[in-house]
Amino acid sequence: MIRRPPRSTLFPYTTLFRSPKIITQEEFEKLFAAGLKLRNKTKNKRKTRINKYMIAILLGFEAGMRISEIVGYKNKVPPLQKYQIENASIKIISGKGGKDRIVPRPKRFNEKAIRELPLKIGRRALQKFITKLGQDVLGKHITFHTLRHGFGSHLAGMGRPLHEIQMLMGH
């Protein structure tokens, strides 16, 4: 008969749930700088593609947008369009669960970046790029969703009310 070790009564769910992965503002700045450096030393079509990846990464971390809200998802979620951008905010239309919300517009999201919309990049290619960049620069496995977690953690660290963070993140 095989006996299992006793389960902790204090933390019975610790083996079932993992804490979300996050990156700090400092780690994001290193990641972003490395991406821009890579873009600047690359030529032609690849440079354009990397530029679009960097715009998406900026929107993921500094606006807390989901990958599907940036590049679209099948016929359910439309990709981000120019008309959704306002002076200080971005209106997300039909996000996850068909919800609309408004997120802050990153200061670095300038007119040149707006002209690139819609980004027309593949979800998997973007995911692969951010994972490889994170491994190369930070030495850790990150996904695009990790950027969203970083956005939420950054807001919480600034002392923003929980209900405001939930609204900005679409929960």
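The values are calculated or read from the model by the stated rules, or taken from the named source; none is laboratory data. Please read all numbers here as calculations on a predicted model, not as lab measurements. A quick note on method: Cβ atoms are made from the backbone with ideal geometry, for glycine too, and the neighbour counts reach across all protein chains shown. Side chains included, ligands, DNA and RNA excluded: accessible areas come from the protein's heavy atoms. Shrake-Rupley method; radii C 1.70, N 1.55, O 1.52, S 1.80 Å.
Heavy-atom accessible surface of Leu38, to the nearest 10 Å², is about 50 Å², with a 1.4 Å probe and all protein chains retained. In the assembled protein chains, Glu86 presents an accessible area of approximately 100 Å² (probe radius 1.4 Å). Extension gain for the segment Ser89 to Gln25, taken as residue separation times 0.36 nm less the Cα-Cα distance, is 21.0 nm to one decimal. How would you classify segment 13-87 from its alpha-carbon gyration tensor, with a ≥ b ≥ c the square roots of the eigenvalues: rounded for a/c under 1.5, else prolate if a/b is greater than b/c, otherwise oblate? It is oblate, given that a/c is not under 1.5 and a/b is not larger than b/c.
Of all the accessible heavy-atom surface of segment 32-171, with the other protein chains kept in place and a 1.4 Å probe, what percent is carbon and sulfur? Working shown, then result.
Working: 4220 of 7940 Å².
Solvent-exposed carbon and sulfur of segment 32-171 make up 53 percent of the total.
Mean sequence separation of contacting Cα pairs (under 8 Å, at least six apart), scaled by the length of segment 19-171, corresponds to a relative contact order of 31 percent.
Here segment 127-142 is scanned for amide nitrogen atoms under 13 Å from the site 7 Å beyond the Cα of Ala34 along Cα-to-Cβ, giving 129-142.
Multiplying the sequence separation of Thr131 and Asn110 by 0.36 nm and subtracting their Cα-Cα distance, what value in nm do you get? All intermediate terms of the calculation are to be shown ahead of the outcome.
Numbers: separation 21, 0.36 × 21 = 7.56 nm, distance 2.50 nm.
Result: 5.1 nm gained on full extension.
Keeping all protein chains in place, calculate the accessible area per residue for the chain (probe 1.4 angstrom), answer in Å². The partial results should precede the final answer.
Details: 11290 Å² over 171 residues.
Normalised by residue count, the accessible surface of the chain is 66 Å².
Rolling a 1.4 Å probe across all protein chains gives Ile22 an accessible area of roughly 70 Å². What FRET efficiency, computed as 1/(1 + (r/R0)^6) with R0 = 30 Å and r the Cβ-Cβ distance, is obtained for Met158 and Arg18, rounded to the nearest 0.05? E(calc), rounded to 0.05, equals 0.75. Here the peptides 92-100, 65-73, 124-132, 159-167 are ranked by packing, the mean other Cβ count within 10 Å, and the order with the highest first is 65-73, 124-132, 92-100, 159-167.
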